[in-house]
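Asks: Quick one: the structure is below, questions incoming.
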Amino acid sequence: MRRSSNQYIGRFAPSPSGDLHFGSLVSAVASYADARQHFGQWILRIDDIDQPRTKAGAAESIIHTLSAFGFKWNHSIQWQSERISQYEQVIQQLKDRNAVYFCACSRKEITKIAAAGADGMIYPGTCRDQRHSENARHAIRIRTNSEKIYFTDRVFGHFEQNLGNLSGDFIIRRADDITAYQLAVVVDDYIDQVTHVVRGADLLMSTCKQIYLGGLLGYPNLKFAHTPLVIDKSGKKLSKSDRAFPVNPDTPLTALIAAWRFLGQKDIAHRVQTVEEFWDEATTTWSIQKVPAGYP
Ligand code: GLU
């Protein structure tokens with residue numbers, strides 16, 4: 001069931017922590033236009049693994065807004081919450097290979113001992129050789145090393161990280177038993193046979209972790225493109241949980257055109273009157289080379 005080399009499968013994977021905001025719309029537009037231009041498939045996945053952060057009704061609202069904006073996805077919608085047993089199987093594989101260990105450190109303890117890295121605290125490996133048991137409420141960490149992980153982002157160009165120095169061993173299952181995003185997303189993209197990831201630049205710093213996990217699991221490489229972040233007046237990234245700048249499903253064309261401009265694309269506003277016309281023009285004029293590499 002593996003894909004052929006010229007196949008394109010893209011995806012959009014919002015977390016249902018609030019309504020769709022302008023920042024998520026920008027990455028959805030980029031991801032969809034790129035998939036359509038490549039005659040690819042496009043999958044909608046709801047990243048609802050983090051139940052404590054899930055807001056009732058948000059998934060339905062996001063799906064409704066995406067439909068009103070003319071997005072059409074292939075296959076049925078995928079839900080992370082339905083994949084827990086698949087994540088557990090992968091965690092078991094990693095346990096069998098001794099690639100992971102249980103960690104009993106609390107966040108407070110880590111803050112006390114760890115140095116701050118470019119991407120949060122660098123876990124110093126306190127529990128690496130402690131052989132903590134499975135039963136207690138322990139997080140699971142993956143062992144990292146000091147090898148350089150690198151990739152060529154289609155927007156940002158060459159990007160590399162040394163995970164050992166940047167984050168240390170990172171969590172793949174949290175102490176509250178929830179599969180961590182870093183692992184869930186890698187397994188999801190594998191199950192969905194995704195070939196191209198186009199998403200917001202807030203996840204650029206996570207990509208090497210995901211490439212590392214994918215490599216350990218023997219999954220095929222993905223192509224990545226990270227789109228510029230939309231920030232508010234105070235310089236903060238828009239976040240669904242802040243209820244920041246929701247987009248209005250009643251006026252889709254205005255928001256689509258604003259997202260298109262934000263992505264540095266050729267102006268098509270004067271040529272489109274409807275959402276369908278927007279997508280026809282967008283598909284032929286999309287140019288990933290024009291997307292500005294904007295990371296605050
Ligand atoms: N669910 C993540 C978010 O909404 C995106 C995951 C991804 O695109 O890899 O920020």
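Asks: Cysteines without a disulfide-compatible partner in the chain, using Cβ under 4.7 Å as the rule?
Replies: Here C105, C208 come out as lacking a disulfide-compatible partner, given the Cβ-Cβ threshold of under 4.7 Å.
Asks: Counting Lys +1, Arg +1, Asp -1, Glu -1, what net charge surrounds G164 among other residues with beta carbon under 15 Å of its beta carbon?
Replies: Result for the neighbourhood of G164: +1.
Asks: Here's a follow-up. Where Lys and Arg each count +1 and Asp and Glu each count -1, what net charge lies around A68 among other residues with Cβ under 15 Å from its Cβ?
Replies: Charge balance in the 15 Å sphere: -3.
Asks: Right, another one. Can you give the local net charge around D267? Use residues other than it whose beta-carbon is closer than 11 angstrom to its beta-carbon, Lys and Arg +1, Asp and Glu -1.
Replies: With Lys, Arg at +1 and Asp, Glu at -1, the net is +2.
Asks: For the range 91-212, what D do you get in µm² per second when you plug the Kirkwood radius from alpha-carbon pairs into Stokes-Einstein at 4 °C and 1.567 mPa s? Numbers along the way, then the final one.
Replies: Values: Rh = 15.4 Å.
Roughly 84 µm²/s, to the nearest whole number.
Asks: Next question. Considering only G215, L203, W79, whose Cα is most displaced toward the positive end of the charge dipole of the chain, charges sitting on Cβ of Lys, Arg (+1) and Asp, Glu (-1)?
Replies: Going by the Cα projections, it comes out as G215.
Asks: In sequence order, what are the phi-derived ³J(HN,Hα) couplings for the range 124-133 according to the Karplus relation 6.51 cos²θ - 1.76 cosθ + 1.60 with θ = phi - 60°, rounded to whole Hz, with x for glycine and proline?
Replies: Working through the residues one at a time gives x, x, 3, 9, 3, 10, 8, 6, 5, 7 Hz.
Asks: Further question on the same structure: Quick one: check the C-alpha center-to-center distance for the range 176-205 versus the range 94-171, whole angstrom.
Replies: 17
Asks: Assign unit charges at the C-beta atoms only (+1 for Lys and Arg, -1 for Asp and Glu), then state the dipole size of the chain relative to its Cα centre in Debye, rounded to the nearest 20.
Replies: Magnitude of the dipole: close to 620 debye.
Asks: Applying the Karplus parametrisation 6.51 cos²θ - 1.76 cosθ + 1.60 with θ = phi - 60° to the phi angles of the range 246-259, what ³J(HN,Hα) value in whole Hz is obtained for each residue in order, glycine and proline being reported as x?
Replies: Per residue, the Karplus-derived 3J(HN,Hα) values read x, 8, 8, x, 7, 10, x, 5, 4, 5, 4, 5, 5, 5 Hz.
Asks: Hey, another quick one. What is the chain's relative contact order, in percent, from Cα pairs under 8 angstrom and six or more apart in sequence? Walk me through the numbers on the way to the answer.
Replies: Details: 505 pairs, mean separation 70.9, N = 296.
Reported as a whole number, the value is 24 percent.
Asks: Going out from 0 in 5 Å bins, what whole percent of all Cα-Cα distances in the chain drops into each bin?
Replies: Going out from 0 Å in 5 Å bins, the chain shows 1, 5, 11, 15, 18, 17, 14, 9, 6, 3, 1, 0, 0 percent.
Asks: Now a separate question. How big is the C-alpha Rg of the range 30-149 next to the rule-of-thumb value 2.2 N^0.38 Å, as a ratio?
Replies: 1.44
FYI, it's all coordinate maths here, none of it is from the lab. Computed from a predicted model, the values in this text were never measured in an experiment. Reconstructed Cβ throughout: ideal geometry from the backbone, glycine too, with neighbour counts over all protein chains shown.
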